[in-house]
1. With the requirement that a residue be loosely packed, with under 13 Cβ neighbours inside 10 Å and under 18 Å from the mean Cα position of the chain (by Cα), what does segment B:13-35 give you?
2. Could you check segment A:66-168 for strands (runs of 3 or more DSSP E) lying wholly inside it with 2 or more residues that are closer than 23 Å to A:Phe263 by Cβ and touching a Gly at 6+ places or on another chain (Cβ under 7 Å)?
3. In segment B:213-221, is there at least one residue being crowded, with 21+ Cβ neighbours inside 10 Å and at pLDDT below 90?
4. B:Met182 - would you say it is over 19 Å from the mean Cα position of the chain (by Cα), among the aliphatic types (A, V, I, L, M) and at the interface with chain A (Cβ under 10 Å from one of its Cβ atoms)?
5. Surrounded by fewer than 24 Cβ atoms within 10 Å (Cβ to Cβ), in a loop (DSSP other than H, G, I, E, B) and touching a helix residue (DSSP H, G or I) at 6+ places or on another chain (Cβ under 9 Å), is that true of A:Asp178?
6. Among (1) touching a strand residue (DSSP E or B) at 6+ places or on another chain (Cβ under 9 Å); (2) within 12 Å of chain B (Cβ to nearest Cβ), which single condition is A:Ala185 missing?
7. Away from chain B (no Cβ under 12 Å), without any contact (Cβ under 8 Å) to a residue 60 or more places away in the chain, β-branched (Val, Ile, Thr) and buried (at least 21 other Cβ atoms within 10 Å of the Cβ): does that describe A:Ile196?
8. What do you reckon, is B:Val102 buried (at least 18 other Cβ atoms within 10 Å of the Cβ), modelled with pLDDT of 95 or more and not charged (D, E, K, R)?
Amino acid sequence: MALMKNLKKKSLAAMALAATATLAFSGCASTDDAGDKIRIGIKYDQPGLGYQDGKDYTGFDTDVARYVANELGYSEDRIEWVEAPSANRENMLSNGQVDMIFATYSISNTRLKTIDFAGPYFVAGQDLLVQKDNTDITGPDSLNGKDLCSVTGSTSAKKIQDKFASNVQLVQQNSYSDCVVALNAGMVDAVTTDDIILAGLGATKANKGELKLVGNTFTTEKYGVGLPKGSDKCKDINSAINKMVETGEWEKALEKNVGDSGFKFNKELNPPKLGDTCAQPTEDKK
Amino acid sequence: MSFGEQLSTLFDTYNVLGAFWVNVQLTFWAAIGSFIIGSVLALMRISPVPSLQFIGTAYVHIFRNTPLTILMTMAILGVWTQFQLQLVSDFKANFFIYAVIVLAIYHAAFVCEAIRSGINTVPVGQAEAARAIGLGFFPAARHIIFPQALRGSITPLGNTLIALAKNTTVATVASVAEASGMMKSMIEFNSDLIFVIFLIFAMGFVVIVVPIGILTTWASRKLAVKR
């Protein structure tokens with residue numbers, strides 16, 4: 001009886017797999033037709049990176065996506081923007097709901113199990129955003145006794161509590177913009193996540209000149225282009241990104257979108273030099 | 001990875017039981033709070049004083065028709081950030097209390113209506129008899145109407161409690177580290193285990209909610225007023 005049940009479970013799983021596989025394939029096939037659209041997943045709520053501004057989509061992620069799509073043969077009117085919230089990104093790729101994702105998407109070993117990454121097109125690092133006149137927060141280890149805001153479902157704040165400052169108080173908000181509201185009101189002392197995201201928040205009209213980045217990064221996050229598993233586009237996308245860097249468009253896009261915050265990207269790690277292959281899993285560092 | 005291994009990976013990395021325990025605590029305190037507020041509201045709505053009736057009705061209509069997420073966001077972004085009202089200095093406790101208050105305020109509207117439906121099961125003769133032996137509004141309500149009404153409203157109160165137990169997931173908006181927030185980080189960082197993750201949280205809520213349902217069905221039979 002138990003064996004029967006097991007068999008049943010396995011065949012069910014196989015059926016589910018087959019179903020998702022066909023979905024994924026049909027998703028791919030439809031984009032190769034000339035005149036068809038390419039669906040690109042971006043964030044809609046991250047100013048400076050991926051942001052829905054009325055009918056327009058602005059930000060560094062969208063600019064890189066436009067450039068890459070153009071190099072792949074899709075002009076801007078053939079891009080269909082799709083919102084890709086953090087928690088749904090892998091699923092959207094494996095279900096074929098989007099063809100690529102440019103959404104502050106860090107390459108990680110866990111994610112590489114289910115999807116492929118081209119790039120990275122930017123190397124970010126975790127940093128802190130504080131009020132302009134704050135001087136006592138200089139890095140993650142100066143946060144003891146301070147109030148720190150981050151987003152539900154992200155581990156960046158927990159990392160600080162575990163590794164740098166055990167006495168930090170954590171607030172988890174729904175979005176980083178909510179965190180910035182709390183920071184502006186003085187209810188938290190700092191907001192933490194990747195430096196470029198913070199720079200995007202600091203560069204918005206309302207916050208310009210009010211907030212500053214501490215500039216002491218303590219992690220490396222490689223933002224890749226999310227692709228369905230087994231994608232053959234890595235080479236083309238990587239050379240498109242390389243071309244964007246060489247022509248200076250890359251730095252221009254960065255300056256335009258997040259420059260107003262006074263953000264200086266890490267010049268040792270950026271711009272990344274890309275080869276022909278998709279991102280490979282890194283050795284586990286224990 | 002086998003199913004068992006996937007399960008143990010998740011349970012090793014995340015304090016799943018701890019997160020569900022937060023939901024249980026939220027349910028417990030919010031249930032007490034909403035029962036107290038809801039009873040007062042029900043009293044106001046059946047009272048002979050028009051202004052009290054109006055306040056009770058207005059409360060129920062306003063809070064029953066406002067999405068809980070919006071109330072929670074208003075409490076945090078509005079009351080906490082803008083009015084800077086910190087209830088206790090410890091953040092964790094502060095947000096927990098905020099969440100309990102909002103949950104209690106919101107569900108009180110439903111508790112009030114559940115109790116009122118119970119009051120409707122009490123025959124008018126009971127109230128008339130109470131007045132006839134000289135009891136005023138409060139003594140009559142306390143000794144005659146409410147005991148019978150509560151027994152008649154166990155099933156709708158149970159439904160409200162079940163809704164409350166599931167609605168505690170909205171507390172994640174108020175920065176309370178509970179199950180749904182944990183599910184969000186699990187999906188983001190262990191997306192390869194997505195089916196197991198869903199299973200854990202679906203089962204977790206079944207484990208919390210089913211006993212409430214069984215208990216209230218049993219209690220409503222056992223305590224029903226035989227007429």
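1. Matches in segment B:13-35: B:Ile32 only.
2. A:115-124, A:126-131
3. Looking through segment B:213-221, none of the residues is crowded, with 21+ Cβ neighbours inside 10 Å and at pLDDT below 90.
4. Judged against the criteria, B:Met182 is a match.
5. no
6. With (1) touching a strand residue (DSSP E or B) at 6+ places or on another chain (Cβ under 9 Å); (2) within 12 Å of chain B (Cβ to nearest Cβ) applied to A:Ala185, the lone miss is (1).
7. Working: away from chain B (no Cβ under 12 Å): yes; without any contact (Cβ under 8 Å) to a residue 60 or more places away in the chain: no; β-branched (Val, Ile, Thr): yes; buried (at least 21 other Cβ atoms within 10 Å of the Cβ): yes.
It is false that A:Ile196 is away from chain B (no Cβ under 12 Å), without any contact (Cβ under 8 Å) to a residue 60 or more places away in the chain, β-branched (Val, Ile, Thr) and buried (at least 21 other Cβ atoms within 10 Å of the Cβ).
8. Details: buried (at least 18 other Cβ atoms within 10 Å of the Cβ): yes; modelled with pLDDT of 95 or more: yes; not charged (D, E, K, R): yes.
Yes, satisfied.
The values are calculated or read from the model by the stated rules, or taken from the named source; none is laboratory data. Keep in mind it's a predicted model, so treat the numbers as computed, not measured. Methodologically, a virtual Cβ is constructed for each residue, glycine included, from the backbone with ideal geometry; neighbour enumeration extends over all protein chains shown.
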